[in-house]
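Take a look at the structure set out below.
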Amino acid sequence: MEWFPSLVNAVQSFLWDGLLIVLLCGTGLFFTLRLKGIQIRRFIPGLKALFSGFSLKGEQAGKHGMSSFQAVTTAIAGQVGTGNLAGAATAILLGGPGAIFWMWVSAFLGMATIYAEALLAQKFRSTDSEGQTVGGPAYYIEKGLRCKWLARIFAVLLILALGFMGNMVQSNSIASAFSSSFGIPSWLGGLLVAALTAVILIGGIRRIASFTEKVVPVMALLYLAGGMVVLFLNAARIPDAVASIFRCAFQPASAFGGVAGYTLMRSMKYGVARGLFSNEAGMGSTPHAHAVARTDPPCRQGHLAIVSVFFDTFLVLTLTALIILTSGVVPDMLAQGQEGVTVTQAAFSASFGSPGGGFIAVCLLFFAFSTIISWYYYGETNIRYLFGSRRAVLGYKLCVVAFIFVGSLFQANVVWALSDVFNGLMVIPNVIALLLLSPVVVDMCRRMDRRSPNWRGRAEEPAGGGENPIL
């Protein structure tokens, strides 16, 4: 089976050595210009919408959708996961500190892309044969572009990328973290995660929404508090860490004495790839959550989507990167051939001792498990799109649980490479649809600006009639 990792790495390199970097960043730049810097203009309204809707016990979700806050926490649950702990470490080790700069660039541009995704998801959402509200790229590809074959390709790729391969990464990272900190065998860790997942999935969308609205705020505050303590202890090293991010973004070979053979393309590749895995802008995953939000006007969900990328990348992921860079553990990790979450654990242990690794293991359990639940839901939406039967959904649930267990048994580099490949493949049909449907997004945005010229993010008159009004 030695040919399999080689094949996966070859496809990964083809996708991420240039094609997807240009595609993702180019799409983000396109929407940034066409929408006149929407990520800046509508950032404050997005924050207001987020905090005004904050709740740990909101209205119960059902087949007609979920609250706007539940939708954004479901999206953030998918975004804030292994990519923020293991992904940041992998990007730094493989791409140097400069990879974080390219993460920032791709995230800033991605904030405009994800705004477009959220608006299209709201506009083209639908109801399935059981009366359940559904939406996402497959729906705006079919209904907006009238291209059913491309919609079906996207649906299949998402199920493989997130429901199967992506969740293997999450379970692999959890199992690795608990094995490193508590000596729990990887197979046992994977079995426990699979069992917990099955319990949540039995409850359907109602339990998924309830779970994410409670867990996401708590897990975020827990990690941010611990991370700020580490940065306080390493405050003297922060200026050098920040300087290395900017310096190595354009001179990667200067990182860690140049021992890892970093290049500019390598830095960009791992920065954008791990950034995508973290914030998911342009990937076509989060629109599934934003589509079912019960919100008026729909553009409000676009504002929340912008904030979700900011929270994921510019807060959580940047915090992780600074902790790793100020800890001084990277040269040793490179020498030992370590990668992923073990690097983040070592960085926390440098400040807290052995409890630091346990703290990260617990945080990762919450982060990655919430991502598993969200990604399962995105996959289920596409199973419903393709097959529209309860039997197919049940079969999908069983497959997801099985892949979660199997993922804990693989080597980390193999599951990360597989995830990169399928993430990259699903980007292509989604971005094609976003660009072709950009006139719809621009029209919706202009109408919003005319109704809300003061940029408060709230229409000055009620939304128009119809089953799914634009504004």
Tell me the label-point distance for the pair LEU196, ARG451, using the 7 Å Cα-to-Cβ offset, in nm and rounded to one decimal. 4.2
Residue-ordered couplings for the range 237-242, obtained by feeding phi - 60° into the Karplus form 6.51 cos²θ - 1.76 cosθ + 1.60 and rounding to whole Hz (Gly and Pro as x), are 8, 4, x, 5, 5, 5
What are the residues whose amide H is under 5 Å from the amide H of ARG294, where those residues sit 5 or more places off or on another chain and H is modelled from the backbone? MET66, SER67, SER68
Quick one: ranking LYS269, LYS36, LYS397, LYS143 by accessible area, 1.4 Å probe, largest first, what do you get? LYS36, LYS143, LYS397, LYS269
When the label point is put 7 Å from the Cα of LEU222 along its Cα-to-beta-carbon vector, which residues of the range 347-377 have a backbone N closer than 16 Å? 355-373
What full-extension length gain, to one decimal in nm, is calculated for VAL156 and ILE40 as 0.36 nm per residue of separation minus the Cα-Cα distance? 38.3 nm
Listed by chain and number, the residues whose amide H is under 5 Å from that of CYS147, excluding neighbours fewer than 5 places away on the same chain and using placed H, are GLU142
Contour excess over end-to-end distance, with Cα ends at ALA235 and ASP443 and 0.36 nm allotted per residue: 70.2 nm
Could you list which residues have their amide H under 5 Å from that of THR127, counting only those 5 or more apart in sequence or on another chain, with H placed in the peptide plane? VAL134
Log entry: pair-distance distribution for the range 365-434, C-alpha pairs binned every 10 Å from zero, whole % per bin is 16, 42, 36, 6
Once phi for every residue in the range 217-228 is put through the Karplus expression 6.51 cos²θ - 1.76 cosθ + 1.60 (θ = phi - 60°), the whole-Hz ³J(HN,Hα) values, with Gly and Pro written as x, are x, 5, 5, 5, 5, 4, 5, 4, 5, x, x, 5
Can you give the extra length, in nm with one decimal, that the chain gains between LEU409 and THR263 once fully stretched, where that is 0.36 nm per residue apart less the Cα-Cα distance? 49.4 nm
Could you check the simple spin-label distance between LEU188 and LEU436, using points 7 Å along Cα→Cβ, in nm with one decimal? 5.2
A convex hull over the alpha carbons of the range 279-351 yields, per residue, a volume in Å³ of 112
Ordering ASP312, ASP240, ASP17 by accessible area with a probe of 1.4 Å, largest first, what comes out? ASP240, ASP17, ASP312
Summed over the other residues with a beta carbon less than 15 angstrom from that of SER267, with K and R at +1 and D and E at -1, the charge totals +3
Label-point gap, in nm, between LEU315 and THR127 - each point 7 angstrom along Cα→Cβ: 3.5
Taking θ = phi - 60°, what integer Hz values does the Karplus form 6.51 cos²θ - 1.76 cosθ + 1.60 yield along the range 26-42, in sequence order, with x for Gly and Pro? x, 5, x, 5, 4, 6, 4, 6, 5, 9, 6, x, 4, 5, 8, 5, 10
Give the ranking of TRP187, TRP16, TRP104 by solvent-accessible surface, highest area first, calculated with a 1.4 Å probe. TRP187, TRP104, TRP16
Carbon plus sulfur fraction of accessible area for the range 289-404, probe 1.4 Å, in percent: 63
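The values are calculated or read from the model by the stated rules, or taken from the named source; none is laboratory data. Values in this document were obtained by computation on a predicted structure and should not be read as measured data. Neighbour counts run over all protein chains shown; Cβ positions are idealised from the backbone, glycine included. These area figures cover heavy atoms from the full protein model, side chains too; ligands, DNA and RNA do not enter into them. Shrake-Rupley method; radii C 1.70, N 1.55, O 1.52, S 1.80 Å.
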